[in-house]
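Data first, discussion second: the structure below is written as structure tokens.
The values are calculated or read from the model by the stated rules, or taken from the named source; none is laboratory data. Keep in mind the model is a prediction, meaning the values are calculated, not measured. All Cβ positions, even for glycine, are placed from backbone atoms using ideal geometry, and neighbour counts span all protein chains on display. When the accessible area is computed, the model is the full protein with side chains, heavy atoms only, and any ligands, DNA or RNA have been set aside. Shrake-Rupley method; radii C 1.70, N 1.55, O 1.52, S 1.80 Å.
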Protein chains: 2
Amino acid sequence: MLPLCALTVSAVAQAQEFTPTQLEDVAKVRTLASQSDLSWQLLESLTTEIGPRLPGTENDKLTVAWAEKHLKRLGFDKVWLEAATFPEWRRYHESAKLIAPSEQPLHITALGNSISTPEQGLRGEVVLFETFDELKAAPPGSLKGKIAFINYRMNRDIDGNGYGPAVQARNKGAVEAAKKGAIAYMMRSVSTAHHRFAHTGGSHYDDQVTKIPTTAIANPDADQIARLLKHGHTPQVEINIQTEDLGEGTSFNVIGEITGSDYPDQYVLLGSHHDSWDLGTGALDDGAGMALTMAAAKHIASVTRPKRSIRVVLFAAEELGLWGAKAYFKRHQDNLTQIVAAAESDFGADVVYAFESNVNAASLPLVRAIAEQLKPLGIKYIGANRARGGPDLIPLNNLTSAPIFDLHQDGTDYFDYHHTADDTLDKVDPDKLKQNTAAYAVFALMAANGKTPMQGK
Amino acid sequence: MLPLCALTVSAVAQAQEFTPTQLEDVAKVRTLASQSDLSWQLLESLTTEIGPRLPGTENDKLTVAWAEKHLKRLGFDKVWLEAATFPEWRRYHESAKLIAPSEQPLHITALGNSISTPEQGLRGEVVLFETFDELKAAPPGSLKGKIAFINYRMNRDIDGNGYGPAVQARNKGAVEAAKKGAIAYMMRSVSTAHHRFAHTGGSHYDDQVTKIPTTAIANPDADQIARLLKHGHTPQVEINIQTEDLGEGTSFNVIGEITGSDYPDQYVLLGSHHDSWDLGTGALDDGAGMALTMAAAKHIASVTRPKRSIRVVLFAAEELGLWGAKAYFKRHQDNLTQIVAAAESDFGADVVYAFESNVNAASLPLVRAIAEQLKPLGIKYIGANRARGGPDLIPLNNLTSAPIFDLHQDGTDYFDYHHTADDTLDKVDPDKLKQNTAAYAVFALMAANGKTPMQGK
């Protein structure tokens, strides 16, 4: 039970911000989105008919065309593309095996941006470090001719908070290993899975340090190597990865707008990214985000025309370094105050369980009014007002203090699939996708219809 | 609660067959096996230090040496090898991708015994059949130049009863597809998993029919192809598998015996197989069976010397067609009546939930006495007396009516991992492995110590 005063405040907030008709429309949108399988249809089409969507590939072009076609088909008032450049990279081959103490296949993947091994592969003794800091502390030259291996285990948590501590080994591991003389770098996957899928993801080199191949292995394979060492063996591994740096590539942010009736230049931004890694079909990352934001805006338009615009932005080349988002916010940097609310769906397709803002105090009554309408979807309100937004909102946050929102999803299982070959459509629950769609629809409509535009801190 | 009469019958049976001291020994063995991590240590060593164990490979030789060494180390009275030949086969490469309507990697594996594709692979349109019977019913010539695909879904069940109906498509699919003119055969994995692991396994050709490459794809990939067809596309697939038929190979059954005090020639046979497919490390199939039967006999020997012998038989080359078992029972065919009980552990490492015999009626009191001592392990008695034994007991059953036992394991999740790269040590629960070990130890000791030797029907 909520205390009576909270109910009263909330009821007052709603009445201050919205007419009874507007609140009826919110309920209609919520019901429609909760029942419609539009987001599922979009996700099924995208992940089945196109599949993986690595920036710069033919599938990337197909994705841009797919998104433009469907946004138009769904009746968005304006649909357009904005170019974004990025460092184009391809994976052609990856394999690895233990060659001592016995021959055993290993499940490996090149991290994004990795250089190739020699054509015939490379071989070396594995040296295990439990953490990135231990690798950093290794003496110079101590890894000469060897393969550095960080076996850090990511924590499982509802908000994915294990990712950050684990991912530094992905971003910087190869640089630190090369500094010590290693010929290759290998890491336990940034993953909570117990399956033999290696987790790819972005990685970086330092121009001052020799580039070495940088890879991740599946968690059971990481355990295998750790056990061999425990038993006193000296594991020898052969790695062969063939990749290519293709220089600067170009893709496109795809944008669809439902134009507002009263303040068309002001808009709610619903973000997601249309690229994916090449291993899976990017159903969770981030096909779901694309499908549910597209469907949410469409459901709103089916019920009413909002006062402010709703802009669905499908960012390009997120996985390679937020390139679409950087291009978008740079291009629109003189008009960022037109964004009255921004949220990104890029954390899979499990249920939204909480709603949180990051806004100016004057905007909080409207936030609470929105939270009240999210409650029927099982979504609680987090009053901390510290939302950070998804990754594609980082460039926005770096430029200005925009009104940012988190529709917190349950990420307990997300890192079982994230960035692996196993990120496929069957991992998405259609009912949970509907709940997500309804949450974004309610949020976007109410954020667009507030009496006054929301502002950041 | 059991009815009083059942308790009485059971108590009488036990008192008739066993002395109080013998029953105390049973309890000691049960406790020891339930607490010891010996079976885990063996399984960890086998799957870590050797890993995959395809017959004829260097790892197969390492396995034979490993088994001989550990049986001797554990104090078995006799340890010996018996040769078995088999058709040797290797997998060198396997890859596949959708090339239309978009390029997408597919997770594929060659079925055992498959021939290679041309070096550069082959390409064809996929034609889907829901069942093996539908493929059989296709008109002659109707698959000319195409890839036949059976999408039959295996049922999940505690006793794995979905395997049989699914596996005929693996055994005979390529022959039926070739009869219709197909250039390759592809099937949905005989698996209950929702992960992108293809399931390998034995397959057969017919000398009268053209041999074509025969493969399985992971279940999410099978779903993907089915959805593409549903959306009206014509999926084109490229397959490249490189394998080799190496003619007749030789491996060895490895046998360890705890010699009986009173009737050393009569013996309880505890079976498992020491080979595995090459994709995973064969932890569930059948490293667990090896480890737990070895440990069970050792625990018995630690407590008492049984009246009859206990023979742990680690069969060779089971996966390629029960070759070790065929050789063993042929070699010993004049002495099969010396087998007073036979059971095989080859169904993973989940708990034993039921005990069932297949014996002459005169042996049933002893069976019930054993069942009574398995109850404390949570194992129920199935009185149907229709046990079939594991796969390596098929050649025995074909030769004679031996006293066969099933220690029924929970196989609900077994086919999530079976014959895939994901069959690794982390899928085994150490506590469940202990329960299995204790069950086999209690069974073997009591079967060896009965007043009269058990007989088959």
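Side notes on the structure shown:
- From A:S189, A:S203, residue being open to solvent by less than 20 Å² (accessible area, probe 1.4 Å), within 18 Å of A:T412 (Cα to Cα) and hydroxyl-bearing (S, T, Y): A:S189
- A:R196, sole failed condition from (1) away from every other protein chain (no Cβ under 14 Å); (2) of a type in the set (D, E, K, R); (3) in contact with a Phe, Trp or Tyr (Cβ under 8 Å, 6 or more places away or on another chain): (1)
- Here A:A369 meets each of (1) open to solvent by less than 10 Å² (accessible area, probe 1.4 Å); (2) in a loop (DSSP other than H, G, I, E, B) with one exception, condition (2).
- Conditions (1) closer than 22 Å to B:A288 by Cα; (2) part of a loop (DSSP other than H, G, I, E, B); (3) away from every other protein chain (no Cβ under 14 Å); number of the one not met by B:A421: (3)
- Checked against the criterion of being crowded, with 22+ Cβ neighbours inside 10 Å, within 14 Å of another protein chain (Cβ to nearest Cβ), touching a strand residue (DSSP E or B) at 6+ places or on another chain (Cβ under 6 Å) and closer than 30 Å to A:P118 by Cβ, region A:318-325 has no qualifying residue.
- Screening the candidates A:P403, A:P391, A:P395 for the property of being touching a Pro at 6+ places or on another chain (Cβ under 9 Å) and away from chain B (no Cβ under 14 Å) yields one hit, A:P403.
- Subset of region A:187-214 (residues that are charged (D, E, K, R) and touching a residue at least 60 places away in the same chain (Cβ under 8 Å)): A:R196, A:K211
- Comparison of B:K375, B:K326 shows that the only residue that is in contact (Cβ under 8 Å) with a residue 24 or more places away in the chain and assigned to a helix (DSSP H, G or I) is B:K326.
- The requirement of being out of contact with any Pro (no Cβ under 9 Å at 6 or more places or on another chain), touching a residue at least 12 places away in the same chain (Cβ under 8 Å) and either over 18 Å from A:M187 (Cβ atoms) or of a type in the set (K, R) (or both) is satisfied by A:P140.
- Per the conditions (1) open to solvent by 10 Å² or more (accessible area, probe 1.4 Å); (2) not in a strand (DSSP E or B), the sole criterion not satisfied by B:A447 is (1).
- Of the residues examined, A:A354 is not one that is touching a residue at least 24 places away in the same chain (Cβ under 8 Å), over 26 Å from A:G287 (Cα atoms) and surrounded by fewer than 23 Cβ atoms within 10 Å (Cβ to Cβ).
- Any hit, region A:146-161, residues being open to solvent by 10 Å² or more (accessible area, probe 1.4 Å) and within 14 Å of chain B (Cβ to nearest Cβ): yes
- Members of region A:357-366 found to be part of a helix (DSSP H, G or I) and either of a type in the set (A, V, I, L, M) or open to solvent by 30 Å² or more (accessible area, probe 1.4 Å) (or both), listed by number: A:A361, A:A362, A:L364, A:P365, A:L366
A quick yes/no check of all residues on (1) touching a Gly at 6+ places or on another chain (Cβ under 9 Å); (2) of a type in the set (D, E, K, R); (3) in contact (Cβ under 8 Å) with a residue 24 or more places away in the chain:
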site: B:T424; (1), (2), (3): yes, no, yes
site: B:D431; (1), (2), (3): no, yes, no
site: B:Q435; (1), (2), (3): yes, no, yes
site: B:P453; (1), (2), (3): no, no, yes
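- Exclusive hit being in a strand (DSSP E or B), out of contact with any Phe, Trp or Tyr (no Cβ under 6 Å at 6 or more places or on another chain) and surrounded by fewer than 23 Cβ atoms within 10 Å (Cβ to Cβ), set B:V209, B:V175, B:V167, B:V127: B:V127
- Residues that are buried (at least 19 other Cβ atoms within 10 Å of the Cβ) and within 14 Å of chain A (Cβ to nearest Cβ) number at least 3 in the following helices (runs of 4 or more DSSP H) confined to region B:14-108: B:38-45, B:58-73.
- Just one of (1) buried (at least 16 other Cβ atoms within 10 Å of the Cβ); (2) in contact (Cβ under 8 Å) with a residue 40 or more places away in the chain fails for B:N397. It is (2).
- Some residue of region B:301-312 being assigned to a strand (DSSP E or B), open to solvent by less than 10 Å² (accessible area, probe 1.4 Å), assigned by TED's automatic domain parsing to the domain that holds B:I370 and among the hydroxyl-bearing types (S, T, Y): yes
- Residues of region A:227-272 that are in contact (Cβ under 8 Å) with a residue 24 or more places away in the chain, within 14 Å of chain B (Cβ to nearest Cβ), open to solvent by 10 Å² or more (accessible area, probe 1.4 Å) and not hydrophobic (A, V, I, L, M, F, W, C): A:H233, A:T234, A:Q236, A:N240, A:Q242.
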